[in-house]
Amino acid sequence: MTRVIAAAILVSLFGISSAMAQQSCASLAVSKDGKPLAGAARSSSIKKCCEDRAVSKDGKPLSGAAKASSIKACEAAS
């Protein structure tokens, strides 16, 4: 019984930490060395990240006006 409870606690903690691990595109704009990007490289990285995140609730890629709106909102948040 104790093992079941311990396993349940570990699974719930893992779920919480993975939810907190999602970061904004601006924080993901770093070089291979781990240094923050600047200028055109940063803009390009953020744009690509936002395009990759433009998906529906079903996980399918958005297109048209929905995609443009999603990308615009993502870039504004970054």
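Here are the numbers for this structure:
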| quantity | calculated |
| --- | --- |
| Count of residues meeting criterion [crowded, with 16+ Cβ neighbours inside 10 Å, assigned to a loop (DSSP other than H, G, I, E, B) and either of a type in the set (Gly, Ala, Ser) or under 12 Å from the mean Cα position of the chain (by Cα) (or both)] in the range 52-78 | 2 |
| Filtered residue count, the range 15-28, keeping only those that are modelled with pLDDT of 50 or more and either over 11 Å from the mean Cα position of the chain (by Cα) or among the aliphatic types (A, V, I, L, M) (or both) | 2 |
| Failed criterion for Ser31 (all others in (1) among the hydroxyl-bearing types (Ser, Thr, Tyr); (2) modelled with pLDDT of 90 or more; (3) loosely packed, with under 14 Cβ neighbours inside 10 Å; (4) within 14 Å of the chain's Cα centre (by Cα) hold) | (4) |
| Close pairs from the range 52-78: first in contact (Cβ under 8 Å) with a residue 12 or more places away in the chain and within 24 Å of Ser27 (Cβ to Cβ), partner surrounded by 11 or more Cβ atoms within 10 Å (Cβ to Cβ) and of a type in the set (Val, Ile, Thr), Cβ under 9 Å, at least 6 apart | Arg53/Ile71; Ala54/Ile71; Ser70/Val55; Cys74/Ile46; Glu75/Ile46; Ser78/Ile46 |
| All positions within the range 47-78 that are in contact with a Leu (Cβ under 8 Å, 6 or more places away or on another chain) and of a type in the set (A, V, I, L, M, F, W, C) | Cys49, Ala54, Val55 |
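The values are calculated or read from the model by the stated rules, or taken from the named source; none is laboratory data. In this text, all values refer to a predicted model and were calculated from it rather than measured experimentally. Don't worry about glycine lacking a Cβ; one is built from the backbone with ideal geometry, like all the others, and counts go over all protein chains shown.
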